[in-house]
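*Asks:* I'd like to ask you about the structure that follows.
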Amino acid sequence: MFAIFDSPHTFMVVYNEDTVCVPVHDVFTGEISRYYFKISTDDSPCILDSTASFYQISSVSAPLPYAAQPELFEIPQQMRAIVERMRNITLAHQDTDDKPLVLLLYGAGGSGKRLTATHLAVETHRNRIEMSCYDLWSESIAESEAKINRLFEEATSFQPCILYLSSVDVLAYDVTTNGTDSRIMATFRAFLSKPAQLTVVLSCNSDKVCHLSSSVQSLVLYDFMIEHLNEDARFRFLSSRLPVDLTNYAAKNTAGFVLAELVNLLRDIHFRITTTKADTVEECHVEWAIDKRNASFADVIGAPKVSGVARIKDIYGSSEKSCETSAELAHTFGGT
């Protein structure tokens, strides 16, 4: 199936609902990942050649079977420990109970909650279905019930399955009473009472945990928090992509960065290397990428901008104190 992308003269006939695999080369790391796409076309069959463009949307990527999951990059050790604990609980539960297991996973926005759930699916050799509770919500109770019915029907068809529900703080939200709709929760509980090889991972940001209704909290058997990355965790994550001296520099000056921001940092470094036509990565590239994130963060919270990493160290210091300061600001303003 890869041959179609090796030669411009190769083509293949595909049909609606077919799944194709596209190898993607990362110019920064040199790694080759495999991405899977489902063909959706009104005129079936169609011709696919090496000039075709592919776009992966959430409705297609969410229900990927385990065998089609793309290769994942290594996660920080503290997240790895959470995955191991969730894995052990999931495997133990399936041997003692035939009802779905419900777990709660929370952390800062961009801390890697979805990635953790994906690693859990890989570790337990299960399929993964993903849905935002915003997409389950509707002003019509009947429509919300229908969406929940369709979701669990799809999840059970993919069992054994990890059902990842994000933004669980709006699950069964009733706009008229500003509370939880008992009818929606009854529908949700009805599916959880039926035998199924499902692990339901509920997810929300840390600042939303205290606002979860008692009805939602009562569903959860175990909860897990993704903590902020300390300097050592950031160093180990970045060390596989940067030289040791630059890794040390980046780790010291990225206090408060969540996992998503570290990934974007690496992309910004590569972008800066490309635009400056440099042969190797230098400290100025790393500093530019850090300043880019800090400027964006300042815009979000309305803080005065500080130019340069050096001045940031003068204000906050290079210790984990800046991590605490950034975390406090993110919690206060609901940011990352």
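The values are calculated or read from the model by the stated rules, or taken from the named source; none is laboratory data. Just so it is clear, the structure is predicted and the values come from calculations on it, not from any experiment. Don't worry about glycine lacking a Cβ; one is built from the backbone with ideal geometry, like all the others, and counts go over all protein chains shown.
*Asks:* Could you check how many residues of the range 240-267 are charged (D, E, K, R) and within 24 Å of Asn205 (Cβ to Cβ)?
*Replies:* Selection size over the range 240-267: 2.
*Asks:* Answer yes or no as to whether Leu136 is of a type outside the set (Lys, Arg) and over 29 Å from Arg183 (Cβ atoms).
*Replies:* no
For (1) free of Cβ contacts under 8 Å to residues at least 40 places away in the same chain; (2) β-branched (Val, Ile, Thr); (3) surrounded by 20 or more Cβ atoms within 10 Å (Cβ to Cβ), each residue gets a yes or a no:
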position	(1), (2), (3)
Val170	yes, yes, no
Asn178	yes, no, no
Ser182	yes, no, no
Met185	yes, no, no
Phe188	no, no, yes
Leu192	no, no, no
Ser203	no, no, yes
Asp207	no, no, no
Ser213	no, no, no
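*Asks:* Here's another thing I want to ask about it. Give me the pairs: first residue in the range 246-266 and among the basic types (Lys, Arg), second residue part of a helix (DSSP H, G or I), beta-carbon distance under 8 Å, and six or more apart or on different chains, which are they?
*Replies:* Lys252/Glu231
*Asks:* Any idea how many residues of the range 90-106 are buried (at least 17 other Cβ atoms within 10 Å of the Cβ) and closer than 12 Å to Leu221 by Cβ?
*Replies:* Summing the residues that are buried (at least 17 other Cβ atoms within 10 Å of the Cβ) and closer than 12 Å to Leu221 by Cβ in the range 90-106 gives 7.
*Asks:* Within the range 142-153, how many residues are at pLDDT below 90 and touching a strand residue (DSSP E or B) at 6+ places or on another chain (Cβ under 7 Å)?
*Replies:* 0
*Asks:* If I filter the range 224-253 down to residues being within 18 Å of the chain's Cα centre (by Cα) and not in a helix (DSSP H, G or I), which single residue comes out as nearest to Lys113 (Cα to Cα)?
*Replies:* Here the answer is Ile226.
*Asks:* Take the conditions assigned to a helix (DSSP H, G or I) and either in contact with a Cys (Cβ under 6 Å, 6 or more places away or on another chain) or modelled with pLDDT under 90 (or both) and apply them to Asp98. Does it pass?
*Replies:* Spelling it out, it is not the case that Asp98 is assigned to a helix (DSSP H, G or I) and either in contact with a Cys (Cβ under 6 Å, 6 or more places away or on another chain) or modelled with pLDDT under 90 (or both).
*Asks:* Here is a follow-up. What tally of residues in the range 157-177 results from selecting those that are of a type outside the set (A, V, I, L, M, F, W, C) and closer than 18 Å to Leu103 by Cβ?
*Replies:* 6
*Asks:* Considering only residues that are hydrophobic (A, V, I, L, M, F, W, C) and assigned to a loop (DSSP other than H, G, I, E, B), look in the range 103-141 and name the one that is modelled with the lowest pLDDT.
*Replies:* The residue in question is Trp137.
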